[in-house]
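Worksheet for the structure shown next.
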């Protein structure tokens, strides 16, 4: 076999491999997620109406969910929770309400509170990766609060603490 033919054969095979690798890389990059995601922030208006409230001395605004529809939606499909907003789920009865991280894009703290305002359970830094696991207290609660991760720890909120629920219940939309 002449040397020129061998060189041509090597170039053709090498070129084919380069094309195949390029096509593989192009196809893979279409389905792979980027290393960093650029998320748009959920507008504050999404959480309205907002009711001023205090948790452990920390001023926040409560976005209140009182209907089956608003409780089922919760914070799902939001890109971020502003640090001064909490989601307060109000129920008509005391139950062991279970929560999960379906359609969530960020971690949260979840706090269960009785009708008298006593904190009965806290789940800290619950990640979207925990879905489909659910979280619930060992005793019944009337309210559930979802916050940015770390809020419970930053205000030193513990089981047995009592929250003043009056401001959010009186102004319950």
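None of the figures in this text is laboratory data; all of them are computed from the coordinates on show. In this text, all values refer to a predicted model and were calculated from it rather than measured experimentally. Note that we place each Cβ from the backbone using ideal geometry, even for glycine, and neighbour counts take in every protein chain shown.
Based on the mean of other beta carbon atoms within 10 Å per residue, what is the order of 76-83, 90-97, most packed first?
Most protected by this proxy first, the peptides run 76-83, 90-97.
With each pseudo-label sitting 7 Å past Cα toward Cβ, what's the residue 153-residue 91 distance in nm, one decimal?
2.7 nm
So if we plug the beta-carbon distance of residue 139 and residue 83 into 1/(1 + (r/R0)^6) with R0 = 25 Å, what FRET efficiency do we get, rounded to 0.05?
Plugging the Cβ-Cβ distance into 1/(1 + (r/R0)^6) gives 0.30.
Considering just Cα atoms, how many Å³ per residue does the convex hull of the stretch 44-170 enclose?
Per-residue hull volume (Cα only) is 96 Å³.
What FRET efficiency, computed as 1/(1 + (r/R0)^6) with R0 = 41 Å and r the Cβ-Cβ distance, is obtained for residue 164 and residue 129, rounded to the nearest 0.05?
Step by step, r from the Cβ atoms, then E = 0.75.
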